[in-house]
1. Among the residues of region 6-28, count how many are in contact with a strand residue (DSSP E or B) (Cβ under 6 Å, 6 or more places away or on another chain) and either at pLDDT 65 or above or exposed (fewer than 13 other Cβ atoms within 10 Å of the Cβ) (or both).
2. Which of the following residues is surrounded by 12 or more Cβ atoms within 10 Å (Cβ to Cβ) and either at pLDDT 95 or above or closer than 24 Å to residue 161 by Cα (or both): 70, 63?
3. So which residues in region 128-151 are outside any helix (DSSP H, G or I), in contact with a strand residue (DSSP E or B) (Cβ under 7 Å, 6 or more places away or on another chain) and in contact (Cβ under 8 Å) with a residue 40 or more places away in the chain?
4. Consider region 170-206. How many of its residues are over 22 Å from residue 130 (Cβ atoms) and touching a strand residue (DSSP E or B) at 6+ places or on another chain (Cβ under 9 Å)?
5. Scanning for something surrounded by fewer than 19 Cβ atoms within 10 Å (Cβ to Cβ), without any contact (Cβ under 8 Å) to a residue 60 or more places away in the chain, part of a loop (DSSP other than H, G, I, E, B) and touching a strand residue (DSSP E or B) at 6+ places or on another chain (Cβ under 7 Å), does region 40-56 turn up at least one residue?
6. Evaluate the following for residue 166: is it over 25 Å from residue 127 (Cβ atoms) and either in a loop (DSSP other than H, G, I, E, B) or modelled with pLDDT under 95 (or both)?
7. Output the residues belonging to region 57-72 that are in contact (Cβ under 8 Å) with a residue 40 or more places away in the chain and part of a strand (DSSP E or B).
8. Here's a check for you: in region 73-104, which residue that is surrounded by 19 or more Cβ atoms within 10 Å (Cβ to Cβ) and not in a strand (DSSP E or B) is farthest from the chain's Cα centre (by Cα)?
């Protein structure tokens, strides 16, 4: 496995730099939009189906609040189609967030928020299982850091990402259950954090193995000759 040199890591770090002021402003605006549109989403839940959406019978939905949101990250098309190269930033920051809905201080479900400054729209509500898992993963992490979810479509996998030094190279990537189930070598009982470089090679290797297995399974089986 090729490893990036120190110079390469520094170079990618400079490519990944972005303004914390802008990111912080976006986070606050997303939370405000989520809070203002939350009653509309909750009103759609039939009372008898409250538990199906992740809430307990003891929760009063009128007192639900919004927690710190997670911005969506994805790898670029070049990442999937080409070999990993030095000095290339493959992360794409999306204008999409998952905002946890809290009841009785517990993360019950997630709101999906899309858009840009001044026009954030709540597109839906759901995924109680991920809401609970993210609450467990963020426990003990400084809330001043920026939170992300790295979404990997070819593997149907996700990582929780947190960073506080204006660089994804220094960010920490924690595999969620979907990633643990899709990527060989990850363990459900392991809370280990990974670097961007480690995740990139991990993902590429998992995709390569996945499609190699499909090719083997797709090969027609040799027919046995019938005795004459």
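The values are calculated or read from the model by the stated rules, or taken from the named source; none is laboratory data. Predicted model, so just to flag it, every value in this text is computed and none were measured. Positions of Cβ are backbone-derived with ideal geometry, glycine not excepted, and every protein chain shown enters the neighbour counts.
1. Initially, region 6-28 is screened for residues in contact with a strand residue (DSSP E or B) (Cβ under 6 Å, 6 or more places away or on another chain), giving 23.
After this cut, where a residue has to be either at pLDDT 65 or above or exposed (fewer than 13 other Cβ atoms within 10 Å of the Cβ) (or both) as well, the list is none.
Looking only at that region, the number is 0.
2. Details: 63 fails: surrounded by 12 or more Cβ atoms within 10 Å (Cβ to Cβ).
Just one listed residue meets the conditions, 70.
3. Of the residues in region 128-151, the ones outside any helix (DSSP H, G or I) are 139-151.
If we keep only those that are in contact with a strand residue (DSSP E or B) (Cβ under 7 Å, 6 or more places away or on another chain) as well, we get 141, 145-151.
Residues satisfying the conditions are 146, 147, 148, 149, 150, 151.
4. Count: 4.
5. Scanning region 40-56 turns up no residue that is surrounded by fewer than 19 Cβ atoms within 10 Å (Cβ to Cβ), without any contact (Cβ under 8 Å) to a residue 60 or more places away in the chain, part of a loop (DSSP other than H, G, I, E, B) and touching a strand residue (DSSP E or B) at 6+ places or on another chain (Cβ under 7 Å).
6. Details: over 25 Å from residue 127 (Cβ atoms): yes; either in a loop (DSSP other than H, G, I, E, B) or modelled with pLDDT under 95 (or both): yes.
It is true that residue 166 is over 25 Å from residue 127 (Cβ atoms) and either in a loop (DSSP other than H, G, I, E, B) or modelled with pLDDT under 95 (or both).
7. So the first thing to find is which residues in region 57-72 are in contact (Cβ under 8 Å) with a residue 40 or more places away in the chain, and the list is 58-61, 63-64, 66-72.
If the condition is that a residue be in contact (Cβ under 8 Å) with a residue 40 or more places away in the chain and part of a strand (DSSP E or B), then 66, 70, 71, 72 are the ones that fit.
8. 79
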